[in-house]
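Have a look at the structure below before the remarks.
The values are calculated or read from the model by the stated rules, or taken from the named source; none is laboratory data. Just so it is clear, the model here is predicted, and its values are computed rather than measured. Using ideal geometry, Cβ is built from the backbone for each residue, glycine included, and neighbour counts are taken over all protein chains shown.
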Amino acid sequence: MINFNGNIQQESAIAVENNRGFLFGDSVFETIKVLNEQVLFLEDHYFRLMASMRICRMEIPMNFTMEYFESQILDLVQAQTGASAYRIRFSVYRDAEGFYLPKSRKVQFIVTAAPLESEVYTTGKEQYEVELYKDFYITKQLLSSLKTNNKMLQITGSIFAEENGYDNCLVLNDDKNVVEALQSNLFMKMDNVVVTPPISEGCLNGIMRKQVLELLKKIDGLEVKEAVISPFDLQKADELFLTNVISGVQPITKYRKKEYTSALAHEVVKRLNAKIRLS
């Protein structure tokens, strides 16, 4: 564990006792890809983390600049060996006594790194089947758009998918509209129109979602919009694909009896990798 003075602290029973991320889910985090010691989409990750901390009423230390954020990630990456690409989790949590009301708004952070097999983004599995997850619903509120430690819906949904032989599940909000997948944002192509649910529907404000929206708007002949997706729309779609910052773009090939093409997803991946090479 590292505090904002740069001191390494040994985890102990006392430290865990006051770790409100562990106790109450009082934590926000960023999942980040680092390639050849470059933090991809650094600015987007930093400002999303700052916004999440403000929304959760966390105290942001004066030294928590974007340069400091980047340096903490790269210091950890440079201490690793054997890989050029890493998955980073940057977790910020309140470390304070108190029950639901913390006695302090001050925060600590933990950064972890895991090597990735692939440097470039790919379209993942060739066959990828999904189903709706209807045991629990996402609420249409600002907190749903944040990356917090409250991921019980995603955990139970992932277990449901594995137990029933699906690669992933699509999640509904309390209006019964399709919001996203368990760990990814959703895009749907129907004729020459590409749609993704707006943040107001309760979907994660994804970093890769933002990148893909920008790329799609540069493709001639496509109309790109943020709009509600109903479960009935899935059966009429030509293409569905998922996005997140680690896997990139994953085409969905089957939902119930409907099978989908994946040409647009492949084009997006090609443009995404080209953008990273030029950055």
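Take D191 and tell me if it is touching a Gly at 6+ places or on another chain (Cβ under 8 Å) and among the acidic types (D, E). It is false that D191 is touching a Gly at 6+ places or on another chain (Cβ under 8 Å) and among the acidic types (D, E). Considering the range 130-158, the residues that are assigned to a strand (DSSP E or B) and among the charged types (D, E, K, R) include one that is nearest to S200 (Cα to Cα), namely K134.
Of the listed requirements (1) under 30 Å from V77 (Cα atoms); (2) in the same structural domain as K270 (by TED's automatic domain parsing); (3) not in a helix (DSSP H, G or I), R105 misses just one: (2). Taking (1) closer than 26 Å to K134 by Cβ; (2) loosely packed, with under 14 Cβ neighbours inside 10 Å; (3) not small (G, A, S) in turn, M188 satisfies each apart from (2). Every listed requirement among (1) in the same structural domain as I246 (by TED's automatic domain parsing); (2) at pLDDT below 95; (3) of a type in the set (A, V, I, L, M, F, W, C) is met by V120 save one, (1).
Does V193 satisfy the criteria of being surrounded by fewer than 22 Cβ atoms within 10 Å (Cβ to Cβ) and in the same structural domain as D233 (by TED's automatic domain parsing)? Judged against the criteria, V193 is a match.
Here is a check on your reading of the model: is R87 in contact with a Leu (Cβ under 6 Å, 6 or more places away or on another chain) and in a strand (DSSP E or B)? For R87, the condition - in contact with a Leu (Cβ under 6 Å, 6 or more places away or on another chain) and in a strand (DSSP E or B) - is met.
Of the residues making up the range 62-73, just one is in contact (Cβ under 8 Å) with a residue 12 or more places away in the chain and loosely packed, with under 15 Cβ neighbours inside 10 Å, namely N63. Count of the range 22-49 residues, restricted to those that are under 16 Å from S144 (Cα atoms) and free of Cβ contacts under 8 Å to residues at least 60 places away in the same chain, is 1. Screening the range 220-247 for residues that are of a type in the set (S, T, N, Q) and over 27 Å from K33 (Cβ atoms) and picking the one that is surrounded by the fewest Cβ atoms within 10 Å (Cβ to Cβ) gives Q235. Restricting attention to the range 74-112, the residues that are surrounded by fewer than 15 Cβ atoms within 10 Å (Cβ to Cβ) and among the acidic types (D, E) add up to 2. When we screen M58, M53 for residues that are of a type in the set (A, V, I, L, M), assigned to a loop (DSSP other than H, G, I, E, B), within 26 Å of N185 (Cβ to Cβ) and touching a residue at least 40 places away in the same chain (Cβ under 8 Å), the only hit is M58. The residue pairs whose first member lies in the range 96-108 and is over 16 Å from M53 (Cα atoms), whose second member is small (G, A, S), and whose beta carbons are closer than 7 Å, counting only pairs six or more residues apart or on different chains, are K103/A96.
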